[in-house]
Amino acid sequence: MATLPQLYRSTLRQFFKNSIHPRSARSPTIPALLRVLFESGRTIDAGSAAASRFQRDVENMVVFLRARRIHKELVDRYNPTHDMSQAERIEATAHRVGLQGPVEYDASNPRSLPEAGESVSEATKEQGSLQTMFAPQH
């Protein structure tokens, strides 16, 4: 059975491990609120049912924080597209199976359609050349 200071340290440790901010940018309110919570836990009689319930709740909180951190690490490792936008996720999925997504139409920079028998890559290859700008072949 863990003592109150051990529970406080393990809870604080899990909060700091779960933090996404560097140490200098962390808010001091979480440790202060935890300290207030544990100070209120000191007023509970040591052998009472309330003390064992408080200890069980704190242990559950530590387990939850640890599991949350581990879950986040596993999602980051095994699902690399979880923090991408929908468009980036679709593109990554298409590349994974060997496909390329369609080129979206840009009204500010319209492209000419490829001629019969000409692929899209051949049409876009000549798009920026001086010959197609000044002497187009129709």
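Taking (1) more than 25 Å from T3 (Cβ to Cβ); (2) out of contact with any Lys or Arg (no Cβ under 9 Å at 6 or more places or on another chain) in turn, N60 satisfies each apart from (1).
Restrict the check to segment 40-54 and report whether at least one residue is modelled with pLDDT of 90 or more, exposed (fewer than 13 other Cβ atoms within 10 Å of the Cβ) and either among the charged types (D, E, K, R) or within 31 Å of the chain's Cα centre (by Cα) (or both). Within segment 40-54, one or more residues are modelled with pLDDT of 90 or more, exposed (fewer than 13 other Cβ atoms within 10 Å of the Cβ) and either among the charged types (D, E, K, R) or within 31 Å of the chain's Cα centre (by Cα) (or both). Specify the residue that is surrounded by the most Cβ atoms within 10 Å (Cβ to Cβ); the eligible residues are those in segment 67-91 that are in contact with a Ser or Thr (Cβ under 9 Å, 6 or more places away or on another chain) and assigned to a helix (DSSP H, G or I). Residue satisfying both the conditions and the ranking: R89. When segment 12-39 is limited to residues that are among the aliphatic types (A, V, I, L, M) and more than 21 Å from the chain's Cα centre (by Cα), the one that is nearest to E73 (Cα to Cα) turns out to be L12. Answer with yes or no whether A2 is modelled with pLDDT under 90, small (G, A, S), under 20 Å from F64 (Cβ atoms) and outside any helix (DSSP H, G or I). Spelling it out, A2 is indeed modelled with pLDDT under 90, small (G, A, S), under 20 Å from F64 (Cβ atoms) and outside any helix (DSSP H, G or I).
The values are calculated or read from the model by the stated rules, or taken from the named source; none is laboratory data. All values derive from a computational prediction rather than experimental measurement. So basically every Cβ, Gly included, is an ideal-geometry build from the backbone, and we count neighbours across all protein chains shown.
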